[in-house]
Amino acid sequence: MNIQSEPEAHGPVYRLLAGVSYGCLVIAGVQLVTLIAIFGWLVWGRYVLNDTPTWVEQLALLLVVWITFLGAAAAVWNKSHLSIDFVREMLPDPLRVPMRWVAVIAVGVFGAFLAWQGWTLAAKTWPRVIPMLGITEGWRAMPMAICGALTVVFSLYHVGELARGDYKITGEL
Amino acid sequence: MGLAVLFGIFGFGLFCGMPVAFALGLAAVGGFFYEGLPLFIGFQRILSGVSVFSLLAIPFFIFAGELMMQGGIANRLVRLAASAVGSLRGGLGVVNVLSSMLFGGISGSAVADTSALGSILIPVMKDKGYDPDYAVNVTVTSSVAGVVIPPSHNMILYAVAAGGMSVSKLFIAGIVPGVLMCLCLAIVAYWVAVRRGYPAETFPGFKALGIATLVALPGLMTAVIIVGGVLSGVMTVTESGAFGAIWAILVTTFVYRELTWPAFKNAVLTSVRTTALVMMLVATASAFSYMLALYRVPELLGNFVTGISDNPIIILLLINLILLVLGMIMDMAALILICTPIFLPVAVSLGMDPIQFGVILMMNLGLGLCTPPVGACLFVGCVVGKVRIEQAVKTIMPFYLAILVALMLVTYVPAFSMTLPGLME
Amino acid sequence: DEWRGWAIHPEDYPNTVAMQSFADKVKEVTEGRIEPTVYANGILGSQPDAIEQVRSGALAWANFNMGPMGEIVPATNVLSLPFIFRDVEQMHHAMDGAVGQQFSDALSEAGIVALSWFDSGSRSFYNTKKAIHSPADMDGLKFRVMNNDLYVQMVDALGGNATPMAYGEVYQSLQTGVIDGAENNYPSFESSNHYEVAKYYSVTNHLIIPECLCVAASVWEGVSDADKAAIKDAAMEAAKQQRELWAARETASLDKVKAAGVEVNNVDDPAAFQSAMAPIYANFIAAHPDLEQLIKDIQATE
Ligand code: NA
Ligand code: NA
C-alpha cells in the first residue's frame, strides 16, 4: 500500500508530517554518504599520508546513531518497523480493534520515553566532550530525543486515523 | 516476578502487533520501573548498543548491495551465475548458498551477508519465478556461514571470553563446519526447489558463459576489493565495506552507466531505511538484554542443565537447546560473552575441546539469528525480500533442519572441527 | 541488601577473584546485612556506562580502571599522563597514601567512593615489525591506542602514527597489517591473543594506570559507621590479594608469550621516551593549571 501515491486525498497535517518524515530520511541519507566518505579519507590518510585521521572512528559512531534514530522515526510514520501482526489480524473485530489501539498507543508511549530520556541523557552528557572530536557528548543523545518526539507526533496522527477508521496496517517497506 | 513483567510486556506487545523493536524497549522500561532502577540507564544502553564499531559494517554492506542492484551489477552477476549453474533445477537457490559461503567468509557478519546478498539475489529470484518465502529462507539461513567461516569477529569475542585460546586455530576450526553447513543447506535448497518445480534454464554454452564472466567482472571486483582489502591487510572489514560501496558507485556510474541520480538517491534512502530498522532492534535489544543479565537468566539455565543429567550426550543436547532458545531472544555478541563462562566449563568437564565448543556456539547462536521473535538476519531478510515474517517462517523448517543436522554432526563428531587445527601442530 | 557489582573481566581474572573475596568478606563481617554480588565479563555494560550506573546507584559497587574515568572526573586524567609513575611500586605508595586520598576526594564529588586501589600493571608497546629500542624505532609505525587525546599525543610525540581503534578490531588489524602495533600490559597482551601476531614486545612501561574498588556514594551513605570500617578493611585486603594475583598473572603471561616466540626487550634509554613527553605535560598543565600541584605531589612520592 503506497500511501504517498495519493497526496491530494490528505490534509495539510498529513502533508506536513510526511514532509518531516521524508526530511529525516534525506538528512540520514546525507549522513550515510558522509560516513562512507570519511572512511575513504581514513584509509587515504593512513596509507598515503601516513597520518591516520584520529577523528573518523568517533565521528562514524556518532553518525550511525543519527542515521538509526532519524530512520527509525521515519519508519514509524511509514509503519515499516518490523512487527508480527498476523495473530492480531486473524482475530475477530472485537479483539482486533482494541489491539490495534494498544499497538499504536504503546509505540507512542515508548516514543515519549525516548524523547524524555534522550533529552535527559543529552543534558547529562552535555558537559562531556567526545574524545578525538572535541564536541559535546550531548550530540549523541540528541537524535534519540528527536526520534522520540517525532514518534509521539506520528503516533498521535495514527490514533486519529484509528478514530476516523481509515488506519492502514502496513505502510511501504 | 521481574522476569514476568519483562516477558509479559514484551509478549503482549508482540501479540498486539507492536513493532518488535518498540516491544523490546517498552518491556525493558517496565523492568527498570519494577526494579526501581534509574530509567536513564536503560536508554543509555539503547544508545551505546548502536555506538559499536563493528556494527558500522552493516550500513556499508547494505548500501553496497543497494548500489549493486540499482546500478546493474547484480543483474550481470546473476546472469553469470545462471549461465554457470542455472541448468540445475532451482539453481539460484544453490548459487545463493554458495555465494553466502564465499561472501560470509569475507564479511564476518551474518546480518551484513543477508543484507548484501539478499538485496542482490532475492529480487532476481523473485523475477525468475521463485517464491519470495523460499528466496528469503535460503538467503537468511545460509548467511549463518558468515559467523562460522573465518574471519569472524564473533569468534574473537569468544576467544576473549574463554580466557585465552588461539584465535587462528579457532578460525581454521570453523572452515569445515561452515562448509558442511552450506552443503546441508544446498541439499535442502535443491530438494525444496525440485518439489516446488522451480525453473531450470538451459546451459547456454561456454562462449556465452565466457562473455557473461567478462561482463560481470567489474562488478565482481566489488567482492574482490572487499576480500582483497581484508586479506592483503590494507583495510579492516569496516573500511573494506566502505570501499566496496565507493567502488560500486564508480563501476555503476562510469562502466555500466546505469547509476542515474534518481537511482543513487533511491539507493541511499533505501539503505537508510533498512539500516535504521536493523539498528533500532540492536538498540532496544541491548536494553532488554541488560535486564536478562541482571536477572542472571543465562546462569540460572546453566545450573539447571547440570542439575538434570550427568550423561554427556544429554547435557550437550540440553546446552544446544538452551543456546537455541536464548539465541531466539537475545543478541549474539552479548550471548557469547554471557554463555561462554557458563557453558564452557560444563563442556570441558565432559572432555570437549574449547575450540570445538566455540564452533558449536557460533553455529547455534547463528541459527538464532534466523529465528523469530528476535532474529536479526530473519528481520533483515524479510525487509530486503519484502516478505512478512510469518510468511517466511511458515516454510523455513527444512532449512532450520539442515543447520541442526550440521550442528549435531559438529557437536557429536569432534573430527569435523578438530582435524584442521590438529594439522597445525 | 544485595549490592550489585560490575566487573569487566572474566571470573578467573585477578580483579574478579579479588572482588569475589571482597564480596564474601563483606557478607561475613556484616552478618549478611550486605550481600555484594559480582556481575563479571562486563555483562551490565561498558565501563563508561557502568560508571554512570554507579553514580546513579543502579549498581552498588565496581572495579574501574582510571583511564576512561577522565571524561567524568577530570583530575583522574593525571593518571593517564605517560610516565606519571616511575614504576608500579611507586604507584602503590602514591595511591595508598595522600595522593590516593586526593583522587578519592575528586571521585566522591562525582558520587563514587574509592575504597582501595587495584593494579593493572604497566603498559608497553608491541608490534609486528621490529624490536623498539629508542623512539626513532617507532617512526612511521601505526600503533593502536585507546580513545583518549593524551594517548594519541603520546604516540605522535614518539614519532609513531596513533590510530584509535575499537579493541575488538585490533587482532585482525594486527594480523592483516592495518596497524603495526598496539600497547598493553602482559596479561591483556596474552589473553587477547595479540601475541600470536605481534612478535615484538618492548618494555617501555609508559602507562601505569591504577584501578579503584569503589562503592556508589548514594549506597555508601546508608551504611553504618561500623560496617563502613569493616567494608573498608575488606577492600584493602582485596587490593592486597589482587596485587599478588596480578603479579603472578603477569609472570605467567610473560612466560607464555615468551614460550610462544615473542621477543621481549628492554629499551636502551627510557629517559629518551620520557623526555619526549615534555610538551604533553606542558599542554596538560596549561589546560588544567589546578592539577599541576597533584602532578608534583605524585612525582615527589618515594
Ligand atoms: Na566470516
Ligand atoms: Na545466502
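Where a number appears in this text, it was derived from the coordinates with a stated rule and is not lab data. Bear in mind that the values here come from a model prediction, so they are computed numbers and not experimental data. No Cβ is skipped: glycine too gets one built from the backbone with ideal geometry, and neighbour counts run over all protein chains shown.
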Subject >> Kirkwood hydrodynamic radius of the range A:6-164, Cα pairs, Å >> reply: 17.9
Original post:
Does anyone have the angle between helix B:354-368 and the longest principal axis of chain B? Alpha-carbon axes, 0 to 90°, nearest 10?
Top reply: 70
Original post:
Which one of B:PHE33, B:ALA110, B:LEU365 is farthest out on the positive end of the charge dipole of chain B, using unit charges on Cβ (Lys, Arg +1; Asp, Glu -1) and the Cα centre as origin?
Top reply: B:ALA110
Original post:
Gap in Å between the Cα centre of the range B:351-368 and the Cα centre of the range B:1-77?
Top reply: 25
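FRET efficiency for C:SER21 and A:LEU91, Cβ-Cβ distance as r, R0 = 60 Å, nearest 0.05?
Efficiency for this residue pair is about 0.60.
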Original post:
By DSSP, what percent of the beta bridges with both residues in chain C are antiparallel, rounded to the nearest 5?
Top reply: 55
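Loop only per DSSP, at most 15 neighbouring Cβ atoms within 10 Å: give me the trypsin sites (Lys or Arg not before Pro) in the range C:1-53, ordered by residue number. Walk me through the numbers before you get to the answer.
Values: sites: C:ARG4, C:LYS25, C:LYS27, C:ARG33; in loops: C:ARG33.
Within the range C:1-53, the qualifying trypsin sites (Lys or Arg not before Pro) (loop, at most 15 other Cβ atoms within 10 Å) are C:ARG33.
How charged is the neighbourhood of B:ALA267? Take every other residue with its Cβ under 13 Å from the Cβ of B:ALA267, and add Lys/Arg as +1 and Asp/Glu as -1.
Numbers: positive: B:LYS265, B:ARG273; negative: B:GLU66, B:GLU258.
So the surrounding residues net to 0.
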**OP:** Using Cα pairs closer than 8 Å and at least 6 residues apart in sequence, work out the relative contact order for chain A, in percent.
**Re:** 27
Subject >> Rounded FRET efficiency, nearest 0.05, which uses the C-beta distance separating B:ASP127 from A:ARG128 and R0 of 45 Å >> reply: 0.30
Subject >> Angle between chain B longest axis and helix B:237-250 axis [Cα atoms, degrees, rounded to 10] >> reply: 20
Original post:
Counting Lys +1, Arg +1, Asp -1, Glu -1, what net charge surrounds B:ILE249 among other residues with beta carbon under 14 Å of its beta carbon?
Top reply: 0
**OP:** Could you please rank B:THR141, C:THR163, B:THR114, placing first whichever residue has the fewest other Cβ atoms within 10 Å of its Cβ?
**Re:** C:THR163, B:THR141, B:THR114
**OP:** Straight distance only, please: which aspartates and glutamates reach the Cα of A:LYS124 with their own Cα at less than 16 Å, same-chain residues fewer than 8 apart left out?
**Re:** A:GLU137, C:ASP49, C:GLU52, C:GLU71, C:GLU109
Original post:
Could you work out the helix-only [θ] at 222 nm for the protein assembly as shown, with each DSSP H run of four or more residues adding -39,500 (n - 2.57) and the total divided by the number of residues, to the nearest 500 deg cm²/dmol?
Top reply: -21500 deg cm²/dmol
Original post:
Pairing the Cα long axis of helix B:167-196 with the longest principal axis of chain B, what angle in degrees results, from 0 to 90 and rounded to the nearest 10?
Top reply: 60
Original post:
Taking the Cβ of C:GLY5 as the center, what net charge do the other residues with Cβ under 14 Å away carry, scoring Lys and Arg +1 and Asp and Glu -1?
Top reply: -2
Subject >> Lysine-lysine proximity count for chain B, Cα under 26 Å, sequence distance 8 or more or distinct chains >> reply: 8
**OP:** Calculate the radius of gyration of the Cα atoms of the range C:212-292 to one decimal place, then report Dmax, the largest Cα-Cα distance, as a whole number, both in Å.
**Re:** 21.0, 54
